[in-house]
Amino acid sequence: MTRTHNPAGVAPPFSNYVHGVEVPANAKWLYVSGQLGVTPDGSVPGDFIGQAEQAFRNVIAVLQEAGMGVTDIVRVNTYLTDTADIGDYRGIRDRMLENHATASTMLVISALAAPHFKIEIEVVAAKA
């Protein structure tokens, strides 16, 4: 079982994440490559919400393939291309991860691999 850390000497998290996650010895680790909002048939939703939900569905599919679930995620790195999407992202993240708080980093960058991509999500998971 992982332990989370939000020390009193550090400002509290701005949303549903934690400052640190401690993983027990001998845990199984999974590093999930950055997932885009691409559906299994190769199509890409045109809007941010559709892409974000699909990117999380892709993350969850990789976790399930490895015998893991969202509560095994210990870190999420998210790349957005528009600051206007931060609020929607946080709501989608909380819903798709079932309010499971992880260590987290979010960056807003100028572009992803192709101009129509609006979000990319990578995770690290561990299961004892």
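Since every read-out is calculated from the coordinates, none of them should be taken as a lab result. All values reported here derive from a predicted model rather than from experimental measurement. Methodologically, a virtual Cβ is constructed for each residue, glycine included, from the backbone with ideal geometry; neighbour enumeration extends over all protein chains shown.
Candidates are the residues of the stretch 1-54 that are polar (S, T, N, Q) and part of a loop (DSSP other than H, G, I, E, B); the one that is farthest from ALA103 (Cα to Cα) is SER43. Within the stretch 7-27, residues that are hydroxyl-bearing (Ser, Thr, Tyr) sit with their Cβ atoms under 7 Å from residues that are part of a loop (DSSP other than H, G, I, E, B), at 6+ positions apart or across chains, in these pairs: TYR17/ALA101; TYR17/THR102. Residues in the stretch 102-128 that are farther than 15 Å from ASN58 by Cα, within 10 Å of the chain's Cα centre (by Cα) and crowded, with 16+ Cβ neighbours inside 10 Å: THR102, ALA103, SER104, MET106. When MET68 is tested against the conditions (1) crowded, with 18+ Cβ neighbours inside 10 Å; (2) in contact (Cβ under 8 Å) with a residue 40 or more places away in the chain; (3) more than 26 Å from HIS5 (Cα to Cα), the lone failure is (3).
May I ask you to verify whether VAL62 is without any contact (Cβ under 8 Å) to a residue 40 or more places away in the chain, in contact with a Leu (Cβ under 8 Å, 6 or more places away or on another chain), within 21 Å of HIS100 (Cβ to Cβ) and buried (at least 16 other Cβ atoms within 10 Å of the Cβ)? Before you say what the answer is, go through the steps one by one.
Values: without any contact (Cβ under 8 Å) to a residue 40 or more places away in the chain: yes; in contact with a Leu (Cβ under 8 Å, 6 or more places away or on another chain): yes; within 21 Å of HIS100 (Cβ to Cβ): yes; buried (at least 16 other Cβ atoms within 10 Å of the Cβ): yes.
It is true that VAL62 is without any contact (Cβ under 8 Å) to a residue 40 or more places away in the chain, in contact with a Leu (Cβ under 8 Å, 6 or more places away or on another chain), within 21 Å of HIS100 (Cβ to Cβ) and buried (at least 16 other Cβ atoms within 10 Å of the Cβ).
Of all residues assigned to the stretch 5-13, none qualifies as being in contact with an Asp or Glu (Cβ under 8 Å, 6 or more places away or on another chain) and surrounded by 15 or more Cβ atoms within 10 Å (Cβ to Cβ). Residues of the stretch 75-128 that are over 27 Å from MET1 (Cβ atoms) and among the β-branched types (Val, Ile, Thr): THR81, THR83, ILE86, VAL108, ILE109, ILE119.
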